[in-house]
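Peer 1: One structure coming up, written as structure tokens, with questions to follow.
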Amino acid sequence: MAEIIILDTDIASAFAKVHKIIPLKELFSRYDLAICPAIYEELIVSQEYGYSFPGQIFRNIKILSPTNDEISDYHHLQNTKKTLGKGELEALCICRRRHGIFSSMDTAALKFAGACDVQTLSIHAILRSFWISGSMTHDEVKELIDEIEKIENTTISDTDLILSP
């Protein structure tokens, strides 16, 4: 059984909006990339508002349903950790029980995942992996960073570390 990487809504959306879901899936081909039902529900809202990017995610990334124990963990966290969204909490519960990897652009979610002994995968690590693996050139990764920053109206910090030799 392949290890899993569960993508949070923000990271899945960012790569879908710049049409890089398939390259992301290829980059991590030894893993099963997934979203959980709560993240699916968050993405459906965007689709209902007329955005097309969720379709790329739904066609290429599987939905991983939580077990009863993971649902129980989720309900406990939902009552105690109100600063994170439902998708993040459900994904973390699945990752914790299945020893999966949680991927997000949300620093607080990544920090909490680490505190829960869940491995994490940041946007920085993904972008660097595109370059180090040879999937993209230095310039292509720089262009991808610019695209994500523009479409997400955000700034990816420490890009010099992503692109350093």
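None of the figures in this text is laboratory data; all of them are computed from the coordinates on show. From a predicted model like this one, the values you see are computed outputs, not experimental measurements. Positions of Cβ are generated from backbone atoms using ideal geometry, with glycine treated the same way; all protein chains shown enter the neighbour counts.
Peer 1: By a straight-distance test (C-alpha under 19 Å), which lysines pair with LYS81 as possible cross-link partners, with residues fewer than eight away in the same chain excluded?
Peer 2: Cross-link targets: LYS111.
Peer 1: A follow-up question, please. From the list (1) 17.4; (2) 16.1; (3) 18.5, can you say which value of Kirkwood radius over Cα pairs in Å was derived from the structure given?
Peer 2: From the options (1) 17.4; (2) 16.1; (3) 18.5, the structure gives (2).
Peer 1: Also: Round to the nearest 0.05 the FRET efficiency obtained for LEU163 and LYS82 when R0 = 35 Å and r is the Cβ-Cβ distance.
Peer 2: In this case the efficiency is close to 0.45.
Peer 1: Name the long-range amide H neighbours of ILE5: under 5 Å, sequence gap of 5 or more, or other chain; modelled H, no Pro or chain starts.
Peer 2: The list, which skips near neighbours in sequence, is ASP32, LEU33, ALA34, ILE101.
Peer 1: Sticking with this one: Taking the 0 to 90 degree range and rounding to the nearest ten, how far is the long axis of helix 138-152 tilted relative to the main principal axis of the chain, both from C-alpha atoms?
Peer 2: 50 degrees
Peer 1: In the stretch 1-69, which trypsin sites (Lys or Arg not before Pro) fall in coil by DSSP and have 12 or fewer other Cβ atoms within 10 Å? Don't skip to the end; give the middle numbers.
Peer 2: On the way: sites: LYS17, LYS20, LYS25, ARG30, ARG59, LYS62; in loops: LYS20, ARG30.
Counting only loop positions with at most 12 other Cβ atoms within 10 Å, the trypsin sites (Lys or Arg not before Pro) in the stretch 1-69 are ARG30.
Peer 1: So, with +1 on the Cβ of K and R and -1 on the Cβ of D and E, and no other charges, what is the size of the charge dipole of the chain about its Cα centre, to the nearest 20 debye?
Peer 2: Once rounded to the nearest 20, the dipole reads 340 debye.
Peer 1: Each residue of the stretch 106-122 in turn: what ³J(HN,Hα) in whole Hz from Karplus with 6.51, -1.76, 1.60 and θ = phi - 60°, glycine and Pro shown as x?
Peer 2: Computed from phi, the couplings for the stretch 106-122 are 7, 4, 5, 5, 5, 5, 5, 4, x, 5, 8, 6, 9, 5, 10, 9, 8 Hz.
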